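Engineer: Input: one structure, supplied below.
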Number of protein chains: 2
Amino acid sequence: MSVRMRISKVLADCCPGNDTNIAGWVRTVRSGKEITFLAVNDGSCLESLQVVADPALDNYEAVCRLGTGSSVRVTGVLQESPASGQRIELRATEIKIIGAADQDYPLQKKRHSFEFLREIAHLRPRTNTFGAVFRTRSALAQAVHRFFAERGFIYVHTPIITANDCEGAGELFRVTTLPFEKPPLVDGKVDFAEDFFAQATGLTVSGQLEGELFALAFSDIYTFGPTFRAENSNTPRHAAEFWMIEPEIAFADLMADAALAEDFLRFLCRFALEECSADMAFFDEHIEKGIVKRIDAVADSSFAIMDYSEAIGRLEKAPVSFQYPVSWGLDLQTEHERYITEQIVGGPVFIINYPKDIKAFYMRQNDDGKTVAAMDLLVPKVGEIIGGSQREERLDLLQQRMLETGVNPEGLWWYLDSRRWGSCPHAGFGLGFERLVMYLAGMENIRDVVPFPRTPRHAEF
Amino acid sequence: MSVRMRISKVLADCCPGNDTNIAGWVRTVRSGKEITFLAVNDGSCLESLQVVADPALDNYEAVCRLGTGSSVRVTGVLQESPASGQRIELRATEIKIIGAADQDYPLQKKRHSFEFLREIAHLRPRTNTFGAVFRTRSALAQAVHRFFAERGFIYVHTPIITANDCEGAGELFRVTTLPFEKPPLVDGKVDFAEDFFAQATGLTVSGQLEGELFALAFSDIYTFGPTFRAENSNTPRHAAEFWMIEPEIAFADLMADAALAEDFLRFLCRFALEECSADMAFFDEHIEKGIVKRIDAVADSSFAIMDYSEAIGRLEKAPVSFQYPVSWGLDLQTEHERYITEQIVGGPVFIINYPKDIKAFYMRQNDDGKTVAAMDLLVPKVGEIIGGSQREERLDLLQQRMLETGVNPEGLWWYLDSRRWGSCPHAGFGLGFERLVMYLAGMENIRDVVPFPRTPRHAEF
């Protein structure tokens, strides 16, 4: 087969007079008297290439009848385009019809609702919106790896199947090969000794604990992999399966952690603006007006830091009535978070030093005996986007917190070992990758930034 | 905290006379009369930094008693090292003992077996071998993303939880939130309508089918994510959870697929040799003699292509007796594959056009009616490392093959849709990431290239 050139490359680099060969899917066909225009898109960029077909083509009749969604391969010569909004077009010397598409093709030229498009998630990547979303998602994943690689972090694949927290935690998916109809029983209880892993296992909710083990060998590591929640919640922000990024740094405290999170988020914002500029402009025009300006502001801003206790004080004095109560010791709700970042600070802000009773056992206790070295990064329009903490590196205090919070130390003997020999201050955070994509693309439903979303009652494709 | 410099950077870039500050874990302590040497490693590279402590330090006594595995932070001045094998050493002005390690620390200075180290997978990254393995694994993951990003491929996260093939396939892990003790039953069978996804679901064995959908929108895509096999096989090459890379290219045939696979593998070989040279030299010395030369040969070679039928003919004439039978229509076993690549070809070779009866339903039928456009890439010492095919893009032939092979078309309506509208020739392959790491590091057991391996009866950590 002759070498196919990507349309993104043709549009960016080629000149009138160049021969070229492209392939893609027909978005529109406009037939005039003497000439027919095809808009052909190959997914490499938002823009389609205008192909000019004239009656001299052997199969001109068939070309005029091409349906939206057909695949074609076109050979021809580039020429300056007289039409506005495009620099060049391709005058075809040959158009091979590869795969036809008839009137039943669901993506005819009209606007479809996102709800409808979710039902045809196998075809929606062929639309402008989802083309832009999944190109941006891909670019951001590259940006994540690039950020950490440039800084010498080791990428770790932490386990997906895990035996941690598998005793009764409601949010866990169980993983098993036991026969459902007749599970082996001992004293009326399922005998997991017969299961594939000889114990109860489930899908991981976080790679953090294993990530910490690697940070205590490689100093700076990150994970980037799928995590799971069996929460039966049908909200636009929750999915049962999502990807998470979790860096962990050794010999580091909460301030170093916050500095890393700030660098990271600003890098991602800049990357989206620079490397996905056409798609970002599309989001600005069609998905969320002003998003480019908003992201640009975050990329340029220096993030504030505010103590949880101060945040509570400011919220208590705020001249608005919140739906949820505000009081020292209670967690912040999204309405509170947004008020802080949008009204009080006017930009991204880390809230630090949360009450220990609302935070996880592994967070480092502060000297006040009441708070832990936790941080949440709040950004306008969304609220919390990153959550992290310095970890409790002191064995005795960690054991004490496990007892207080009902975490069984026996299953985590290896985690405790990491505090037994060569322990050191370390810290990390988690960023939900889908939340990031939603934030940077302006998409409001997590189902619309995941290729094939998994939510309650939905595991299609 | 003062800024910590990575030891890899100190060793590569710094000069005698520079002030520096490092942190890491003590590998060895050698106390002389007047002076004590600590080898400190922070995981950023194989090499440790030699720290020179003298009695003028406030805590000299404590430093002399430091156990292997202790974590320290050292401030000092770099100086030329009189010892052989190292350019510079760090004369300490301050050594902070961060986390002690006592005599019970399992990694004392002696050689441990890989079997023993698997039992302490939480600590083994602190050894030379596993430091090198997991740095190389991380570097190779970066290489995978870089290769595809440079070539304009879109990275796709295909689903982990899937309803495909969930009706009885033995190799699938079931994913569920149903109560085991009392699963809801209808007519004596489990009622999956009550399960989280309202149907039977399991863990994916491949992202290919969903990847194809994206290739038919973005032209060139790849996946890189975890896949699963519930095979109860305890071999050095099988794990229940492993990562796979699956590119898929549109408007492409089997030869384009093979060219991509060749470029990819050679890129990865070159990357390992160039970016992981110290770790590769370590593998060459301690894990597999000659591996650098072997990998170098692959990076430089042009891969051969041989028809399956020819391969069978050559094997039948081979002057050796194989354990498994050789006959047209049978699959190649590792002994056959190795004989072909090592003895017949003397280098990497693609075997193409396998009998259709031993291959999957989605592979494109050749015109001979007997074979499909499949390819396996064989490399010396290992046998098959990459498997791929051109996909059947013709709806009627695809449906026919599904019927012949017992695949239910109803569950794959969306896959068939992709052949209904705008279908086109496309092809792809799969590379098991762990197999790649084993190949490039010379490690012989898959359990030793996965941070926390999952195998039958093992899901620790």
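Engineer: Return yes or no: is B:Ala23 within 12 Å of another protein chain (Cβ to nearest Cβ), in contact with a Phe, Trp or Tyr (Cβ under 7 Å, 6 or more places away or on another chain) and under 24 Å from A:Tyr222 (Cα atoms)?
Structural biologist: Yes: the conditions hold for B:Ala23.
Engineer: Could you list, in sequence order, all residues of the range B:98-129 that are of a type in the set (Phe, Trp, Tyr) and buried (at least 18 other Cβ atoms within 10 Å of the Cβ)? Can you show your working first?
Structural biologist: Residues of the range B:98-129 of a type in the set (Phe, Trp, Tyr): B:105, B:114, B:116.
Within the range B:98-129, B:Tyr105 is the sole residue that qualifies.
Okay, residues lined up against (1) crowded, with 18+ Cβ neighbours inside 10 Å; (2) closer than 27 Å to A:Glu342 by Cβ; (3) in contact with a His (Cβ under 9 Å, 6 or more places away or on another chain); (4) among the charged types (D, E, K, R):
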residue	(1), (2), (3), (4)
A:Thr371	yes, yes, no, no
A:Val379	yes, yes, no, no
A:Ile386	yes, yes, no, no
A:Leu397	no, no, no, no
A:Thr405	no, no, no, no
A:Arg435	yes, yes, no, yes
A:Met438	yes, yes, no, no
A:Pro451	yes, no, yes, no
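Engineer: Sticking with this one: Residue under question is B:Glu181, and the condition is that it be open to solvent by less than 10 Å² (accessible area, probe 1.4 Å) and facing another protein chain (nearest Cβ under 7 Å); does it hold?
Structural biologist: No, not satisfied.
Engineer: Within the range B:64-97, can you find the residues that are within 12 Å of chain A (Cβ to nearest Cβ), assigned to a strand (DSSP E or B) and surrounded by 19 or more Cβ atoms within 10 Å (Cβ to Cβ)?
Structural biologist: Step one: of the range B:64-97, the residues within 12 Å of chain A (Cβ to nearest Cβ) are B:66-74, B:96-97.
With the extra rule that they be assigned to a strand (DSSP E or B), the set shrinks to B:71-74, B:96-97.
Hits for the range B:64-97 are B:Ser71, B:Val72, B:Arg73, B:Val74.
Engineer: Still on this structure, I have one more. Do we find that A:Ser309 is small (Gly, Ala, Ser) and either within 26 Å of A:Ala258 (Cα to Cα) or open to solvent by less than 40 Å² (accessible area, probe 1.4 Å) (or both) in this structure?
Structural biologist: So A:Ser309 fits the description; yes.
Engineer: Is it the case that A:Glu47 is away from every other protein chain (no Cβ under 12 Å), among the acidic types (Asp, Glu), open to solvent by 50 Å² or more (accessible area, probe 1.4 Å) and without any contact (Cβ under 8 Å) to a residue 40 or more places away in the chain? Step through it out loud before you land on a result.
Structural biologist: Details: away from every other protein chain (no Cβ under 12 Å): yes; among the acidic types (Asp, Glu): yes; open to solvent by 50 Å² or more (accessible area, probe 1.4 Å): yes; without any contact (Cβ under 8 Å) to a residue 40 or more places away in the chain: no.
For A:Glu47, the condition - away from every other protein chain (no Cβ under 12 Å), among the acidic types (Asp, Glu), open to solvent by 50 Å² or more (accessible area, probe 1.4 Å) and without any contact (Cβ under 8 Å) to a residue 40 or more places away in the chain - is not met.
Engineer: Mind listing whichever residues of the range B:107-128 are outside any helix (DSSP H, G or I) and among the polar types (S, T, N, Q)?
Structural biologist: B:Gln108, B:Ser113, B:Thr127
Engineer: Counting only residues that are more than 30 Å from B:Thr223 (Cα to Cα) and not aliphatic (A, V, I, L, M), which one in the range A:231-256 is farthest from the other protein chains (Cβ to nearest Cβ)? Give the steps one after another, and end with the answer.
Structural biologist: Going through the range A:231-256, the residues more than 30 Å from B:Thr223 (Cα to Cα) turn out to be A:250-256.
Pick out the ones that are also not aliphatic (A, V, I, L, M) and you get A:251, A:253.
Working: A:Phe251: 4, A:Asp253: 6 Å.
Of everything passing the filter in the range A:231-256, A:Asp253 is farthest from the other protein chains (Cβ to nearest Cβ).
Engineer: Which ranges mark the strands (runs of 3 or more DSSP E) fully within the range A:310-406 that have 2 or more residues being in contact (Cβ under 8 Å) with a residue 12 or more places away in the chain and among the polar types (S, T, N, Q)? Please lay out each step first, then the result.
Structural biologist: Numbers: elements: A:349-355, A:371-379, A:383-390.
The strands (runs of 3 or more DSSP E) meeting that bar are A:383-390.
Engineer: Would a scan of the range A:149-157 turn up a residue that is open to solvent by 20 Å² or more (accessible area, probe 1.4 Å), within 20 Å of the chain's Cα centre (by Cα) and either over 30 Å from B:Gly43 (Cβ atoms) or of a type outside the set (A, V, I, L, M, F, W, C) (or both)?
Structural biologist: No, the range A:149-157 contains no residue that is open to solvent by 20 Å² or more (accessible area, probe 1.4 Å), within 20 Å of the chain's Cα centre (by Cα) and either over 30 Å from B:Gly43 (Cβ atoms) or of a type outside the set (A, V, I, L, M, F, W, C) (or both).
Engineer: Here's another thing I want to ask about it. Collect the residues in the range B:98-125 that are within 19 Å of B:Gly442 (Cα to Cα), among the charged types (D, E, K, R) and either within 14 Å of chain A (Cβ to nearest Cβ) or in contact (Cβ under 8 Å) with a residue 40 or more places away in the chain (or both), keeping them in residue-number order.
Structural biologist: Scanning the range B:98-125 gives B:Arg118, B:Arg124.
Engineer: Which of the following residues is within 14 Å of chain B (Cβ to nearest Cβ), more than 19 Å from B:His122 (Cβ to Cβ), assigned to a loop (DSSP other than H, G, I, E, B) and among the charged types (D, E, K, R): A:Glu460, A:Glu434?
Structural biologist: Details: A:Glu434 fails: assigned to a loop (DSSP other than H, G, I, E, B).
That would be A:Glu460, the only listed residue that is within 14 Å of chain B (Cβ to nearest Cβ), more than 19 Å from B:His122 (Cβ to Cβ), assigned to a loop (DSSP other than H, G, I, E, B) and among the charged types (D, E, K, R).
Engineer: Right, here's the next one. So which strands (runs of 3 or more DSSP E) are wholly in the range A:166-272 and hold at least 3 residues that are over 27 Å from A:Pro451 (Cβ atoms)?
Structural biologist: It comes to A:241-250.
Engineer: Please pick out the residue among A:Phe37, A:Phe147, A:Phe130 that is aromatic (Phe, Trp, Tyr), closer than 30 Å to A:Phe242 by Cα and more than 11 Å from chain B (Cβ to nearest Cβ). Break it down stepwise before answering.
Structural biologist: Numbers: A:Phe37 fails: closer than 30 Å to A:Phe242 by Cα; A:Phe130 fails: more than 11 Å from chain B (Cβ to nearest Cβ).
Matching residue, one of A:Phe37, A:Phe147, A:Phe130: A:Phe147.
Engineer: If the Cβ limit is 7 Å and pairs must be 6+ apart or interchain, which residue in the range A:415-430 that is more than 8 Å from chain B (Cβ to nearest Cβ) and surrounded by fewer than 24 Cβ atoms within 10 Å (Cβ to Cβ) pairs with which residue that is assigned to a helix (DSSP H, G or I) and at pLDDT below 95?
Structural biologist: Qualifying pairs under 7 Å: A:Leu416/A:Pro409.
Engineer: Being within 19 Å of A:Ala299 (Cα to Cα) and free of Cβ contacts under 8 Å to residues at least 40 places away in the same chain: is that true of A:Leu260 here?
Structural biologist: The answer is no for A:Leu260.
The values are calculated or read from the model by the stated rules, or taken from the named source; none is laboratory data. What you see is a predicted model, and the numbers here were worked out from it, not measured in a lab. No Cβ is skipped: glycine too gets one built from the backbone with ideal geometry, and neighbour counts run over all protein chains shown. Remember, those area values only see protein heavy atoms, side chains included, never the ligands or the DNA or RNA. Shrake-Rupley method; radii C 1.70, N 1.55, O 1.52, S 1.80 Å.
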